[in-house]
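For reference, the structure is listed below as structure tokens.
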Amino acid sequence: MWWDERVSARFRRNLQPTLTYWSVFFSFGLCIAFLGPTLLDLRCQTQSSLSQITWVFFSQQFCLLLGSCLGGVFKRTLAQSLFALFASSLAISLVFAIIPLCHNVVVLAVVMAVAGLAMGCIDTISNMQLVKIYQKDSAVFLQALHFFVGFGALLSPLIADPFLSDTNCILSNSTVNASSNLPHIRKSLVPHHPGNLSHYDLPMKGMVVTRVSYAFWIMALINLPVPIAVFFLLYKERMVPCFNSSSHPLLSADELAMETRPTEKDDLSTAVQRPHAAGGHDDLFSCCQSKNFRGASYTYFAVHITGALVLFMTDGIVGEYSGFVYSYAVEEPLSVVHKVAGYLPSLFWGFITLGRLISIPVSYRMKPATMVLINVVGVLITFLLLLIFSYSVVVLFVGTASLGLFLSSTFPSMLAYTEDILQYKGCATTVLVTGAGIGEMVLQLLVGSIIHDQGSYSFLVCGMIFGGLAFTFYAFLLFFHRMYPKPSSDMDDASPDKPAVMDDTGQYQR
């Protein structure tokens, strides 16, 4: 095996919870990518205008951000975390089942807001729990976790595609003229930027003809095993009230390294830094309480802030590039035909998923800090080449694939690196997840406004600027890492730059 026996044994001890968190992140990916291709059919279903229906994007993304901030509330015990994941994954299945019944755009926006809250909780809790389980070994498992997001994000549009309307799904006198614009409109739908399609005139009244409901019901069924898996983990851990007297836990709480209560020294074979696990991973609001700042050095805050700013930029690039690369390609000077340009977002997300798959074995051999450095430098160089060869369609396609690869592993690598620096005592997971969510929403809004005023070329200029800022903030993070106080000798020997060592019995040496 490409990893050593120590990590392999640790994975076997935590097999069921690890697979459960990976499957829950598949739900996250399934829910995050379906809205774009199905939005025109949902517009017909709700008989709303394009500008009205695209606000559904905003309701989902805003509540996703809110859910990410609140997700840490449920981390205090293992039971709270698992019950929150069970409720969130079940809510996603229910949302898929309910969407076909929403014939009013406001009701649809509310339903998608519920989905956003569930997705935000999944994002924060799953990252937190994997970090708690594996700590110094978490990088490879975080890479796998985020691969499942990409896999779900690729699968949901494929499920929806056979059921999408080829012509306008509201039959009226203007249907023929409106249908000629349909492929372009579908590829131009941009999350978080509801006003960018208001100049298209599509009918709002008439007979609705759409089969997209079947796609949502299929996705609801595909997602249903996920809450069942979480419930089974709850059952094995004897946390289901009706069954807690008859079953035996799959693993002890210490072996899972998920509980946050203080634990005494014992001879369990789990590889966990207990003092560290008890000290951090609060929700965003708890992190901001003054009691958490007592005795903290300025580098403590600097690591949190610079780490969040790196992801603010890189996740913002993911959002703005996937949202606007089609619109950029079909405009001057490239003037790519609509059908060919439509492959660009799929190419981008496909290489993000491929990059996350490749990063699973790579992250075991390479330090997270090195991976992030390669990523931000690669993004910067790619945008530079796209600017230099801005008239080349071939370079655009190659650059799109390259950006997907470089951006794919940035988030999990940054999370593993920042948690290592803080020795698992800060609020890195919550702060980084929140910063990434804000960046994805804010930068896409910003770029949409700039493109509207300055033209399509500003799309690449903005990407170059954001890439440069990401590199700058990462340089500051490396500087603050050097300044951050090293762990004292009475704590675990592991440091941000030194992997934890285990003896022959499978225990950490203290």
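Some notes on this structure:
- Restricting the range 323-336 to residues that are modelled with pLDDT of 85 or more and β-branched (Val, Ile, Thr), the residue that is nearest to Pro157 (Cα to Cα) is Val325.
- If you check Leu108, Leu78 for being closer than 22 Å to Val212 by Cα and either in contact with an Asp or Glu (Cβ under 6 Å, 6 or more places away or on another chain) or crowded, with 23+ Cβ neighbours inside 10 Å (or both), only one passes: Leu108.
- Failed criterion for Lys425 (all others in (1) part of a helix (DSSP H, G or I); (2) of a type in the set (D, E, K, R); (3) in contact with a His (Cβ under 7 Å, 6 or more places away or on another chain) hold): (1)
- Where helices (runs of 4 or more DSSP H) fall entirely within the range 1-53, those with at least 3 residues that are open to solvent by less than 20 Å² (accessible area, probe 1.4 Å) and in contact (Cβ under 8 Å) with a residue 60 or more places away in the chain are at 15-32, 35-46.
- Inter-residue pairs, beta-carbon under 8 Å, first more than 21 Å from Ile352 (Cβ to Cβ) and in the range 387-403, second modelled with pLDDT of 90 or more, 6+ apart: Leu387/Leu460; Leu387/Val461; Leu387/Met464; Phe389/Val395; Ser390/Leu460
- Inter-residue pairs, beta-carbon under 6 Å, first free of Cβ contacts under 8 Å to residues at least 24 places away in the same chain and in the range 129-155, second among the charged types (D, E, K, R) and crowded, with 22+ Cβ neighbours inside 10 Å, 6+ apart: none
- Pair list, Cβ < 8 Å and 6+ apart or interchain, from the range 221-244 residues that are within 16 Å of Trp22 (Cα to Cα) and in the same structural domain as Ile99 (by the TED database) to residues that are modelled with pLDDT of 95 or more and outside any helix (DSSP H, G or I): none
- Residue satisfying all of: in the range 308-331; open to solvent by less than 20 Å² (accessible area, probe 1.4 Å) and small (Gly, Ala, Ser); farthest from Pro345 (Cα to Cα) among these: Ala308
The values are calculated or read from the model by the stated rules, or taken from the named source; none is laboratory data. Computed from a predicted model, the values in this text were never measured in an experiment. Neighbour counts are summed over all protein chains in view; Cβ atoms, including those assigned to glycine, are modelled from backbone coordinates with ideal geometry. Remember, those area values only see protein heavy atoms, side chains included, never the ligands or the DNA or RNA. Shrake-Rupley method; radii C 1.70, N 1.55, O 1.52, S 1.80 Å.
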